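Contents: one structure, followed by commentary.
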Amino acid sequence: MNIVLGITGGIAAYKAPDLVRRLRERGGDVQIVMTASAEEFVTSTALQAVSGRPIRSNLWDKEAEAAMSHIELARWADIVLIAPATAEIMARIVSGGAPDLLTTICLATEAPIALAPAMNRVMWSNPATQANRRVLESRGTHILGPAVGSQACGETGAGRMLDPDTIAAAVFDIGTIQGEGLLDNRKVVITAGPTREAIDPVRYITNRSSGKMGYAIARAAAAQGADVVLISGPVDLPDPPGVEVRNVTTAQEMHDATHDCVKEADIFVAAAAVADYRPKDLKEQKIKKNDESMTLDLVRCPDILASVAALDAGPFTVGFAAETEKVDEYARSKLENKALDMIIANRVGNDCGFDRDDNAVNVLWSEGEKRYPQAQKSKLARDLVELIAERYYAARGTDTQPRLSVISTTD
Ligand code: PMT
């Protein structure tokens, strides 16, 4: 993998030689591009020694440009990684400015860009930096970290650069993200996140779910060429690039949004943590705490997954099972009772399943099963989408050829 490693001026730049080593150990060819302020923290001599390539830093270096111009570098990169990434470089990339070599490459490349932010915790949480982070994420830039912990400035909080090994692993994850078009011309509908069922204007019933698992599946399906609709409960995640996102709040809204588009879908994946019950009556005013105890009258919410599985000529239907005990047993009974094509079982609890970046699952279908050990949800999602595609084509008795004919037009 050809990696342009941008190093900017933060104290974490001292970790850059180690990062280069980790990237090269995994088979990366690393071309370093330093900003002027990075040179205050780490020497180009050390970096040249570990990377085995001359360091680039100057947009106007005629000799270096003659060897590989900034445009050639931008094309050469399979990924552009900036680590450490300061608040300044984030702002520069957001604004589209190109005053130096690194920002010019960012503007000129079609390769994925990943940033490993490193800065003082207050700078990281500053609304300007957070707004820049959101813009970058919405444009598909991968933000790796930062980690939480003690900082060089003596403070403690979010802003430490992730450790070099974690960054290197994430870079290779991202670099291999583009799929082989397994789901070209297929429509995939996915639910993700929790639902909220209002009790009164200030309180609601919900389930624990960050949406990370469902969003990762949406990204992985889109990377395999699928036309993806993601029906999302309230989460704090950016929309995955290239995915149509429909935001909903309640189980009934999620049900209606799903049925609005699922009939034309080839595959449906229910990753959402949908409330099973909602309060029978929504109180118009805030309930006062006058009594020592209170009882809520609840009624069932629609079962979205079961209703999709029951459709005539419906999509290939994949459910999730979130269990705290007897995971496989309960998952298999959901597979059978809801007449699903496949179910993805995960153990959930305080330290597994939801609200975290990794997960471990067991996938069950009528004639088989496959276990996936603990892995980042992004990696797991890619593996799951490959398996879903394989089982979908097997169930439909077709090969992986696109179902729709492609109409080409010429001017
Ligand atoms: O969002 P994260 O923080 O990344 O966490 C991921 C996750 C743990 C939420 C996810 O991996 C997961 O397990 N999602 C399903 C959660 C759930 O509600 O499971 P369940 O066993 O209660 O429901 C079984 C299936 O029926 C699920 O596919 C669910 O989406 C679906 N369902 C449930 C109730 C309902 N009213 N309608 C449904 O469609």
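Observations
- Those residues of segment 279-304 which are more than 12 Å from the ligand (Cβ to nearest atom) and of a type in the set (D, E, K, R), in sequence order: 280, 281, 283, 284, 286, 288, 289, 291, 292, 297
- Any hit, segment 114-125, residues being touching a residue at least 60 places away in the same chain (Cβ under 8 Å) and farther than 21 Å from residue 237 by Cβ: yes
- Taken together, 13, 91, 38, 98 contain a single residue that is over 23 Å from the mean Cα position of the chain (by Cα), over 22 Å from residue 169 (Cβ atoms) and part of a helix (DSSP H, G or I), which is 38.
- All positions within segment 69-98 that are in contact (Cβ under 8 Å) with a residue 24 or more places away in the chain, out of contact with any strand residue (DSSP E or B) (no Cβ under 7 Å at 6 or more places or on another chain) and of a type outside the set (S, T, N, Q): 70, 71, 74, 75, 87, 88, 91, 93, 94
- Complete set of residues in segment 363-382 that are within 13 Å of the ligand (Cβ to nearest atom), at pLDDT 95 or above and surrounded by 18 or more Cβ atoms within 10 Å (Cβ to Cβ): 363, 364
- Listing of strands (runs of 3 or more DSSP E) fully contained in segment 244-309 that carry 3 or more residues being surrounded by 14 or more Cβ atoms within 10 Å (Cβ to Cβ): 244-247, 267-270, 277-279
- Residue in segment 82-104 that is touching a helix residue (DSSP H, G or I) at 6+ places or on another chain (Cβ under 6 Å), farther than 14 Å from residue 32 by Cβ and among the basic types (Lys, Arg) present: yes
- Output for segment 181-221, where each listed residue is among the polar types (S, T, N, Q) and either free of Cβ contacts under 8 Å to residues at least 12 places away in the same chain or assigned to a loop (DSSP other than H, G, I, E, B) (or both): 185, 195, 207, 209, 210
- Applying the condition of being in contact with a Pro (Cβ under 9 Å, 6 or more places away or on another chain) and at pLDDT 95 or above to segment 212-234 and asking which residue is surrounded by the fewest Cβ atoms within 10 Å (Cβ to Cβ) yields 234.
- Some residue of segment 76-87 being at pLDDT below 95 and in a helix (DSSP H, G or I): yes
This table checks each residue for (1) in the same structural domain as residue 22 (by TED's automatic domain parsing); (2) surrounded by 15 or more Cβ atoms within 10 Å (Cβ to Cβ); (3) of a type in the set (A, V, I, L, M, F, W, C).
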residue: 89; (1), (2), (3): yes, yes, yes
residue: 103; (1), (2), (3): yes, yes, no
residue: 115; (1), (2), (3): yes, yes, yes
residue: 130; (1), (2), (3): yes, no, no
residue: 135; (1), (2), (3): yes, yes, yes
residue: 140; (1), (2), (3): yes, no, no
residue: 149; (1), (2), (3): yes, no, no
residue: 158; (1), (2), (3): yes, yes, yes
residue: 169; (1), (2), (3): yes, yes, yes
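- Options 328, 276, 341, 312; residue that is within 33 Å of the chain's Cα centre (by Cα) and within 12 Å of the ligand (Cβ to nearest atom): 276
- Across segment 210-231, the number of residues qualifying as near the ligand (Cβ under 10 Å from one of its atoms) and at negative phi comes to 7.
The values are calculated or read from the model by the stated rules, or taken from the named source; none is laboratory data. Here the structure is a predicted model, which is why all the values come from computation and not from measurement. Here the Cβ is made from the backbone with ideal geometry for all residues, glycine too, and neighbour counts use every protein chain on show.
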